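Report on the structure given below.
The values are calculated or read from the model by the stated rules, or taken from the named source; none is laboratory data. Keep in mind the model is a prediction, meaning the values are calculated, not measured. Heads up, the Cβs are rebuilt from the backbone with ideal geometry, glycines too, and the neighbour counts pull from every protein chain shown. Just the protein is used for accessible areas: all its heavy atoms, side chains included, with ligands, DNA and RNA removed. Shrake-Rupley method; radii C 1.70, N 1.55, O 1.52, S 1.80 Å.
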Amino acid sequence: MQKKCMKTIANYRIISLQKFSKYSLHTFANTFSWWLSKLFLSLHQQKTKPLIFKDMLLTNRELFLLIICTVIYITLFILVIQYSRRKIQLLQSRLDNIHAMQKIAVIEPRKDVNTVFSSPVYLRIKQYLNEGRSMTEGDWTELAEAVNSIYIGFTEKLYSLYNMSDQDYRVSLLIKIRIQPKDIATLTTHSKESVASTRSRLYQKVFGKKGSTKDWDDFILSI
């Protein structure tokens, strides 16, 4: 599972940079050409006095507007490039962080993971599911403590990747203790569709690309 995630991260970095470069240049060229054509069409429909030879050289006004448009679009292009590069750098930093988390999860010593399945809060969760009940605020606090006692820093790792809502965090907690999606819906008082949407949305927010609900589940289980 870890190797698959690492390979996905590496491939995505290359694809992101290639797509960005190709898309940015293509978009700029098309946009600039479109504006130039609109400029000349508009100006030549007016009666202007040519600078040297009529209908052969640019008028003063055309030349001035051409220079202004060129400067504006070059400036905008540079700003878009810088902004996009920052976004790519932030994404790469996050992916590096994820890679580090997964490596640490493999080598760090931890308590017996079966401890959580015999904890009082886990047994209550099973009882709630039998009764079709949702969890209380106290249950969520106790579950977070139980999970973090085994998977050290689990909560901090999640929030370092994305500023999660309570629902995002709670869904991820339940995934970590291998609760099924339909049961997560019951425990969080949300629909199955809402739980599925939360999982796929979190994957896209963290990894910067679309993914399935299983992709998010696999990631949570890997850290």
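Among the residues here, residue 129 does not qualify as more than 18 Å from residue 208 (Cα to Cα), part of a helix (DSSP H, G or I) and in contact with a Phe, Trp or Tyr (Cβ under 9 Å, 6 or more places away or on another chain). Screening residue 141 against (1) surrounded by 14 or more Cβ atoms within 10 Å (Cβ to Cβ); (2) more than 13 Å from residue 187 (Cβ to Cβ) leaves a single unmet condition, (1). From (1) within 17 Å of the chain's Cα centre (by Cα); (2) surrounded by 13 or more Cβ atoms within 10 Å (Cβ to Cβ); (3) within 21 Å of residue 135 (Cβ to Cβ), pick out the condition that doesn't hold for residue 174. With (1) within 17 Å of the chain's Cα centre (by Cα); (2) surrounded by 13 or more Cβ atoms within 10 Å (Cβ to Cβ); (3) within 21 Å of residue 135 (Cβ to Cβ) applied to residue 174, the lone miss is (1). Selection over the range 95-122 of residues that are modelled with pLDDT of 80 or more, touching a helix residue (DSSP H, G or I) at 6+ places or on another chain (Cβ under 8 Å) and within 22 Å of residue 153 (Cβ to Cβ) gives a count of 5. Return the residue satisfying two criteria in turn: it lies in the range 182-223 and is part of a loop (DSSP other than H, G, I, E, B) and either of a type in the set (Gly, Ala, Ser) or more than 21 Å from residue 103 (Cα to Cα) (or both), and of such residues it is most open to solvent (accessible area, probe 1.4 Å). The extreme case among them is 210. Name the residues in the range 204-223 that are more than 16 Å from residue 174 (Cα to Cα) and without any contact (Cβ under 8 Å) to a residue 24 or more places away in the chain, would you? Within the range 204-223, 204, 210, 211, 212 meet the criteria.
Applying the criterion of being modelled with pLDDT of 55 or more, among the hydroxyl-bearing types (Ser, Thr, Tyr) and open to solvent by less than 80 Å² (accessible area, probe 1.4 Å) to the residues of the range 35-94, the residue that is farthest from residue 161 (Cα to Cα) is 59.
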